[in-house]
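**Q** Below is a structure I'd like to ask you about.
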Amino acid sequence: MRDYGNIPELAWEEEHMLERAKLQIKRLEPLSLLLPDSMDLRLDPEQFDCHESDDSGLAVRCDPTRTMRELSERNQAPALAELGAYIDRYDMTVDVDPANHRIVVHT
């Protein structure tokens with residue numbers, strides 16, 4: 001299990017979430033995006049070029065554009081797709097942690 005304890009968290013429902021997330025990414029600083037329990041974050045790691053995965057469903061260092069677009073479409077959350085393109089623009093990557101309902105953005 002990876003340790004994300006020192007990464008700043010941002011709740012999906014938080015006001016101005018997208019703008020705050022983009023600012024964090026623009027600074028190349030990691031971010032843990034906390035998503036509602038109702039969102040489906042399960043992925044096939046091979047389909048999204050993830051470099052690692054484990055039994056809990058954690059997918060590590062996944063392609064941000066493709067991963068976020070898929071999660072956006074599946075959850076009717078267009079902000080995820082927008083954020084994915086932004087993450088890719090700054091050469092960052094994502095870890096998807098369905099067990100804890102979060103997406104971790106990092107370099």
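**Q** State yes or no: is R74 out of contact with any Gly (no Cβ under 9 Å at 6 or more places or on another chain), in a strand (DSSP E or B) and surrounded by 14 or more Cβ atoms within 10 Å (Cβ to Cβ)?
**A** Spelling it out, it is not the case that R74 is out of contact with any Gly (no Cβ under 9 Å at 6 or more places or on another chain), in a strand (DSSP E or B) and surrounded by 14 or more Cβ atoms within 10 Å (Cβ to Cβ).
**Q** When you go through A59, A99 one by one, which is the residue that is farther than 19 Å from P8 by Cβ, among the aliphatic types (A, V, I, L, M) and under 12 Å from the mean Cα position of the chain (by Cα)?
**A** Exactly one of A59, A99 is farther than 19 Å from P8 by Cβ, among the aliphatic types (A, V, I, L, M) and under 12 Å from the mean Cα position of the chain (by Cα), namely A59.
**Q** Here is a check on your reading of the model: is G57 modelled with pLDDT under 95, surrounded by 13 or more Cβ atoms within 10 Å (Cβ to Cβ) and part of a loop (DSSP other than H, G, I, E, B)?
**A** Answer is yes for this residue.
**Q** Pick from region 24-46 the residues that are at pLDDT below 95 and surrounded by fewer than 19 Cβ atoms within 10 Å (Cβ to Cβ): which of them is farthest from the chain's Cα centre (by Cα)?
**A** E46
**Q** Here's a follow-up. State which residue pairs qualify: first residue farther than 13 Å from K22 by Cβ and modelled with pLDDT of 95 or more and inside region 84-104, second residue among the hydroxyl-bearing types (S, T, Y) and surrounded by fewer than 19 Cβ atoms within 10 Å (Cβ to Cβ) in any location, beta carbons under 7 Å apart, and separation of 6 or more residues or different chains.
**A** If the second residue must be among the hydroxyl-bearing types (S, T, Y) and surrounded by fewer than 19 Cβ atoms within 10 Å (Cβ to Cβ), the pairs left are V104/Y4.
The values are calculated or read from the model by the stated rules, or taken from the named source; none is laboratory data. Bear in mind the structure is a predicted one, so any value in this text is a computation, not a measurement. Heads up, the Cβs are rebuilt from the backbone with ideal geometry, glycines too, and the neighbour counts pull from every protein chain shown.
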